[in-house]
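S.K.: What follows is a single structure, and I will ask about it in a moment.
The values are calculated or read from the model by the stated rules, or taken from the named source; none is laboratory data. What you see is a predicted model, and the numbers here were worked out from it, not measured in a lab. Cβ coordinates were reconstructed from backbone atoms using ideal geometry, including for glycine residues, and neighbour counts include every protein chain displayed.
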Amino acid sequence: MDSLENVTFDEIKIGDTCTFNKTLTESELVLFAAVSGDVNPVHLDEEFASQSMFKERIAHGMWSGSLVSATLATVMPGPGTIYLNQSLNFMRPVKLGDNLIVNLTAIEKNPEKKTVSFNCSVINQNEKEVLNGTALVIAPTEKIKLDKPILPEIHIQETVHP
């Protein structure tokens, strides 16, 4: 079984980096819409999206932002991290099938508050930046190692309208 192990505040050094990657699938796009309630037709309706400035369906911007959160929660600092603040700049659209790579770099530490600031950059498979910004977290001070949770299998059932 896979495990998750954090990087404690004391272990993190300025300049430390980590990565995380994920590919946007149709299922992920639809699930993100269902969970977030964001049903903007540019994400879900091929005909509508074909008339948009992007000419095709695109991901929710916050799907890319959620990958930054996943990286902070599971890679560095990892389990026990408390998210405090995030700035995001959306640089270009993410399309179905895009593989995104999140890159985090520790840029500042506050020993009094046990906070760490990270530069965040998300690039696609064409090495084009789709998102950048900064994140501020409270890093864990105790070492944690645990089994990675096994997520339930989710099936999408299309709704048929009369």
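S.K.: Which of (1) surrounded by fewer than 10 Cβ atoms within 10 Å (Cβ to Cβ); (2) closer than 27 Å to Ser3 by Cβ; (3) of a type outside the set (Lys, Arg) is the odd one out, the single condition Val122 does not satisfy?
M.R.: In the conditions (1) surrounded by fewer than 10 Cβ atoms within 10 Å (Cβ to Cβ); (2) closer than 27 Å to Ser3 by Cβ; (3) of a type outside the set (Lys, Arg), Val122 misses (1) alone.
S.K.: Scan the stretch 23-44 residue by residue and report those that are part of a helix (DSSP H, G or I) and either hydroxyl-bearing (Ser, Thr, Tyr) or closer than 15 Å to Pro93 by Cα (or both).
M.R.: Quick first cut of the stretch 23-44, residues part of a helix (DSSP H, G or I) only: 26-36, 41-44.
Across the stretch 23-44, the qualifying residues are Ser27, Leu29, Ser36, Pro41, Val42, His43, Leu44.
S.K.: Given the stretch 45-162, what strands (runs of 3 or more DSSP E) lie entirely inside it while holding 2 or more residues that are of a type in the set (Phe, Trp, Tyr)? So that I can check it myself, show each step before the final result.
M.R.: On the way: elements: 82-90, 99-110, 115-123, 129-138, 145-147.
Strands (runs of 3 or more DSSP E) meeting the threshold: 82-90.
S.K.: Separate question: Among what's in the stretch 1-10 and is surrounded by fewer than 12 Cβ atoms within 10 Å (Cβ to Cβ) and not hydroxyl-bearing (Ser, Thr, Tyr), pick the residue that is modelled with the lowest pLDDT. Explain how you work it out, then say what you get.
M.R.: Keep residues of the stretch 1-10 that are surrounded by fewer than 12 Cβ atoms within 10 Å (Cβ to Cβ), which gives 1-3.
From what is left, the residues that are not hydroxyl-bearing (Ser, Thr, Tyr) are 1-2.
Working: Met1: 71, Asp2: 91.
Restricting to residues being surrounded by fewer than 12 Cβ atoms within 10 Å (Cβ to Cβ) and not hydroxyl-bearing (Ser, Thr, Tyr), the top hit is Met1.
S.K.: If you take the residues of the stretch 112-135 that are of a type outside the set (D, E, K, R) and free of Cβ contacts under 8 Å to residues at least 24 places away in the same chain, which of them is farthest from Cys18 (Cα to Cα)?
M.R.: To start, the set of residues in the stretch 112-135 that are of a type outside the set (D, E, K, R) comprises 115-126, 130-135.
Pick out the ones that are also free of Cβ contacts under 8 Å to residues at least 24 places away in the same chain and you get 117, 119, 121, 123, 126.
Numbers: Ser117: 13, Asn119: 11, Ser121: 11, Ile123: 13, Asn126: 19 Å.
Among residues in the stretch 112-135 that are of a type outside the set (D, E, K, R) and free of Cβ contacts under 8 Å to residues at least 24 places away in the same chain, the one farthest from Cys18 (Cα to Cα) is Asn126.
S.K.: Within the stretch 11-50, how many residues turn out to be exposed (fewer than 14 other Cβ atoms within 10 Å of the Cβ), farther than 19 Å from Ile156 by Cα and out of contact with any Lys or Arg (no Cβ under 9 Å at 6 or more places or on another chain)?
M.R.: Qualifying residue count, the stretch 11-50: 4.
S.K.: Take the residues of the stretch 73-91 that are hydroxyl-bearing (Ser, Thr, Tyr) and surrounded by 15 or more Cβ atoms within 10 Å (Cβ to Cβ): which is nearest to Ile14 (Cα to Cα)?
M.R.: Taking the stretch 73-91 and keeping what is hydroxyl-bearing (Ser, Thr, Tyr), we get 74, 81, 83, 87.
In the following step, the residues that additionally are surrounded by 15 or more Cβ atoms within 10 Å (Cβ to Cβ) were identified as 74, 81.
Numbers: Thr74: 19, Thr81: 17 Å.
Selected residue: Thr81.
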